[in-house]
There are 2 protein chains.
Amino acid sequence: MDGFQPPGRLVTLTDVAREAGVGESTVSRVLRNHGSSSKRARERVAEAVARLGYVPNRLAGSLAGPGASAQLAGVIVPSLANVVFPDLLRGLTGALDAAGIRCVIGVSDYDPDREEALAAALLSWRPAALLLTGLEHNPGTVALAKAGGVRVVEMIDTDGAGIDAVVGFSNRAVGAASARHLVARGYRRIAYLGHDLQVDLRAGKRLAGFEAALGEAGLSLHGTEIRPGPSSPGSGRAGLEALLARHPDLDAVYFSNDDMALGGYFACLSAGLSVPGRIALFGFNGLDFAAAMPQPLSTVRTPRLEIGRQAASCLMGERPKTIDVGFELIEGATA
Amino acid sequence: MDGFQPPGRLVTLTDVAREAGVGESTVSRVLRNHGSSSKRARERVAEAVARLGYVPNRLAGSLAGPGASAQLAGVIVPSLANVVFPDLLRGLTGALDAAGIRCVIGVSDYDPDREEALAAALLSWRPAALLLTGLEHNPGTVALAKAGGVRVVEMIDTDGAGIDAVVGFSNRAVGAASARHLVARGYRRIAYLGHDLQVDLRAGKRLAGFEAALGEAGLSLHGTEIRPGPSSPGSGRAGLEALLARHPDLDAVYFSNDDMALGGYFACLSAGLSVPGRIALFGFNGLDFAAAMPQPLSTVRTPRLEIGRQAASCLMGERPKTIDVGFELIEGATA
DNA sequence: AACCGGATTGGCAGCGCTGCCAAAAACAGT
DNA sequence: ACTGTTTTTGGCAGCGCTGCCAATCCGGTT
């Protein structure tokens with residue numbers, strides 16, 4: 001069609017000023033709707049912008065602007081394979097979008113060193129804020145975050161001390177509530193089935209809360225199965241089969257999350273074990289499919305989008321240091 | 001602890017130069033490992049950087065550098081609620097990470113106007129590349145992309161003409177292959193159950209391919225149910241129930257994706273309909289849970305991570321204009 | 001007609017960094 | 001010791017934009 005456009009010089013604000021027959025500052029003022037300008041100037045600038053197809057260069061804008069901080073938010077999540085984090089991002093981008101703030105993302109793969117490297121990399125874009133997941137970080141990450149001149153928000157977990165702002169819920173409390181629910185329903189031989197805890201510290205906190213609450217009821221875990229690797233229905237299915245082979249008498253299983261629980265449910269269907277008669281299942285997260293199952297999954301719904309939204313508002317207005325968004329125990333039909 | 005750090009002036013390269021007792025250019029060269037420098041200079045700079053906790057300002061770096069293009073990639077996805085897109089991002093960030101390129105994301109909510117606005121917003125960060133989803137865009141988006149002086153990669157769909165590079169597979173072919181599979185298995189009264197097609201154009205293309213292949217076999221769709229809103233197991237479940245009420249005699253259902261199919265499977269379990277004896281189910285995407293189901297779901301696995309990876313390599317090396325990553329039909333036990 | 005206060009405007013320095021270039025230093029060969 | 005490299009170095013302009021400030025313009029007053 002129209003010959004290849006060599007990436008050569010792009011249209012600059014100076015070009016727009018010349019085209020519109022006004023000064024650069026006028027263009028700048030009009031474009032940002034900042035300071036005063038005449039109607040005539042506004043029109044001429046708008047025309048020139050349209051004619052030239054001008055796209056402002058925010059690298060330059062942020063560099064020149066005050067505090068030299070960009071309309072960017074650096075976000076580090078441990079994974080994108082688990083729905084939780086896309087949901088978080090969804091809440092974040094949705095809320096930040098309105099303010100014209102874009103998210104630059106980094107995926108740490110649950111590795112604190114990688115997280116630190118990413119923090120440095122993201123900070124080099126001089127974002128207005130740095131959003132981290134969880135409260136456990138390398139000392140270097142904390143140092144960077146503190147020295148970075150940015151607002152820091154730690155998301156999802158409130159069990160511990162944060163750097164600056166914290167938005168989430170208590171994973172310990174979730175675990176405890178789950179345990180109390182199972183105990184109240186009369187289950188006594190309860191096992192835990194999870195994915196790698198070294199790596200997913202929040203799951204570890206839930207388990208700790210779960211065991212503590214069991215202890216208060218004079219019980220303890222009746223078997224544990226930790227699967228290597230990330231959580232998935234496949235892992236949950238294999239895990240439940242392994243668990244039942246070792247502890248044929250267990251009557252309930254607490255899963256590290258709904259994906260694992262779904263796999264467990266599939267295992268029960270395949271083996272013809274009645275749920276919750278023969279064995280009760282309890283998950284975590286409250287994902288979409290949980291409510292659509294033939295027997296709705298008993299689980300805890302976490303307000304993931306809300307965490308994202310609240311985190312976003314932490315960046316903009318002045319807000320309390322710690323926001324606990326709570327959680328909701330869903331009494332399904334599987335426990 | 002250590003009094004609040006006013007966001008005041010951060011450490012600059014000039015500070016490092018002074019601290020190290022060398023010139024700015026030397027620091028710049030050492031830091032980027034570009035050009036030659038003495039061992040002594042490297043050591044002194046490294047010390048100064050560590051002592052001062054210097055984090056380079058890439059806004060300034062990119063502005064000064066050649067072509068003024070940043071080590072950023074602008075990515076626009078229609079949604080984060082569907083696993084497909086996080087998977088895409090996962091492939092992308094994984095591959096781009098090594099090259100030090102960060103992703104800035106935008107979520108268009110399947111709205112072309114929003115996509116256009118996001119394209120302009122992302123382009124204003126002067127990214128090295130712009131990654132879009134699908135081939136259908138506003139004329140304005142295309143104009144921006146062409147004038148932006150950036151590499152453009154359109155992902156997921158290869159059914160049509162792209163702006164620059166295209167990485168994906170043929171959704172039409174997926175639909176056709178799915179139809180041929182069902183026909184070959186002897187199903188004749190086949191219905192389609194999908195989510196909003198106006199919005200998800202790729203699903204529309206699959207359906208078109210599906211119907212075309214049915215036509216070749218002398219068949220046509222035996223019922224259609226389009227659910228408003230996004231795809232989800234809940235929607236799939238309700239949809240299948242509605243479909244069966246209208247067409248009690250259908251013997252197979254083609255779902256717009258695995259989430260919908262999972263819901264359909266749950267509906268069958270609840271209603272006690274044998275799968276695939278009474279009714280066969282066929283999905284799309286090949287998600288994790290599909291293989292863990294009591295009866296593995298018959299579906300088409302799409303190489304989502306691979307698309308992300310290939311898209312990343314499109315940005316860096318010179319690559320063919322269009323990469324078809326193909327797909328794989330999974331003969332599960334539900335169709 | 002000269003004057004005044006506020007609205008509007010343009011020039012220009014400078015944000016932190018990189019590229020270029022010439023100067024300085026280190027090294028090599030005679 | 002002296003010249004001819006080669007390596008290493010620092011100064012400085014300038015990337016595109018914004019903030020500041022002084023200059024200019026406008027309408028309404030005396």
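Quick notes on this one:
- Think of the stretch B:13-56 as a dipole: +1 on every Lys or Arg Cβ, -1 on every Asp or Glu Cβ, centred on the Cα centre; then among B:A17, B:S37, B:A50, B:S37 lies furthest on the positive end.
- Between the amide H of B:L281 and those of B:V253, B:A335, distances stay under 5 Å, these residues lying 5 or more places away or on another chain, with hydrogens modeled in the peptide plane.
- Label geometry 7 Å along the beta-carbon vector: A:S274 inter-copy distances in nm: 2.2
- Using alpha-carbon coordinates, inclination of helix A:112-123 to the longest axis of chain A, degrees: 20 degrees
- Using a cut-off of 29 Å between Cα atoms, the listed pairs A:K146/B:K146; A:K205/A:K321; B:K205/B:K321 include A:K146/B:K146 as exceeding that distance.
- Per residue accessible area of the stretch B:13-56, 1.4 Å probe, in Å²: 63 Å²
- Relative contact order of the stretch B:13-56, defined on C-alpha pairs under 8 angstrom at six or more residues apart (%): 44 percent
- Counting only DSSP beta bridges with both residues in the stretch B:195-332, the antiparallel share comes to about 40 percent.
- Distances from B:H34 to itself in the other copies, using label points 7 Å out along the Cα-Cβ axis, amount to 2.8 nm in increasing order.
- Per-residue HN-Hα couplings for the stretch A:163-176 [Karplus 6.51, -1.76, 1.60; θ = phi - 60°; Hz; x = Gly/Pro]: 6, 9, 9, 9, 10, x, 9, 8, 5, 4, 5, 4, x, 4
- Residues of the stretch B:122-142 that bury at least 20 Å² of accessible area once all protein chains are present, compared with their chain alone (1.4 Å probe, heavy atoms only, ligands and nucleic acids left out), are B:S124, B:W125, B:R126.
- Where A:Y254, A:Y54 fall by accessible area, highest first, once all protein chains stay in place (1.4 Å): A:Y54, A:Y254
- With viscosity 1.567 mPa s and temperature 4 °C, the Kirkwood radius over alpha carbon pairs of chain A converts through Stokes-Einstein to a diffusion coefficient of 57 µm²/s.
- Contact order relative to length of the stretch B:171-301, as percent, for alpha carbon pairs under 8 angstrom and 6 or more apart: 25 percent
- Here the relative contact order of chain A, from alpha carbon pairs under 8 Å that lie six or more residues apart, stands at 15 percent.
- Between the exposed loop cleavage positions of chain A, defined as GluC sites (Glu not before Pro) in a non-H, G, I, E, B DSSP state with at most 12 neighbouring beta-carbon atoms within 10 angstrom, the longest gap is A:1-317.
- The stretch A:171-301 - percent of accessible surface contributed by carbon and sulfur, probe 1.4 Å: 53 percent
- Residue-wise HN-Hα couplings along the stretch A:238-252, as the Karplus relation 6.51 cos²θ - 1.76 cosθ + 1.60 with θ = phi - 60° gives them from phi, are 4, x, 5, 4, 5, 4, 5, 5, 7, 10, x, 9, 6, 10, 7 Hz; Gly and Pro carry x.
- Taken along its three principal axes, the alpha carbon spread of the protein assembly as shown comes to 74, 67, 51 Å, from the longest extent down to the shortest.
- A label point on B:E318, set 7 Å along the Cα-to-Cβ line, lies at 5.8 nm from each of its counterparts in the other copies, closest listed first.
- Within the accessible area of the stretch B:13-56 (1.4 Å probe), percent carbon and sulfur: 47 percent
- Total buried accessible area between B and A, probe 1.4 Å, nearest 100: 5000 Å².
- Residues in the stretch A:274-279 carry Karplus couplings, in order, of 6, 10, x, x, 7, 8 Hz; the curve used is 6.51 cos²θ - 1.76 cosθ + 1.60 with θ = phi - 60°, and Gly or Pro positions show x.
- A 1.4 Å probe run over the stretch A:171-301, with the rest of the protein chains in place, finds 34 Å² accessible per residue.
- Residues whose amide H lies under 5 Å from that of B:V152, counting only those 5 or more places away or on a different chain, are B:L130, B:A165; hydrogens are built 1.01 Å from N in the peptide plane.
- Here the protein assembly as shown carries DSSP beta bridges of which approximately 10% are antiparallel, counting only pairs with both residues inside.
- Counting only DSSP beta bridges whose two residues both lie in chain A, roughly 10 percent are antiparallel.
- Simple rule: put +1 on each Lys or Arg Cβ and -1 on each Asp or Glu Cβ in the protein assembly as shown, find the dipole, and look at B:P127, A:G194, B:T26; the Cα lying farthest toward the positive end is B:T26.
The values are calculated or read from the model by the stated rules, or taken from the named source; none is laboratory data. Since the structure is predicted, the reported quantities are computational estimates derived from the model, not experimental observations. All Cβ positions, even for glycine, are placed from backbone atoms using ideal geometry, and neighbour counts span all protein chains on display. Ligands, DNA and RNA are stripped out before the accessible areas are found, and what is left, the full protein with its side chains, is counted by its heavy atoms. Shrake-Rupley method; radii C 1.70, N 1.55, O 1.52, S 1.80 Å.
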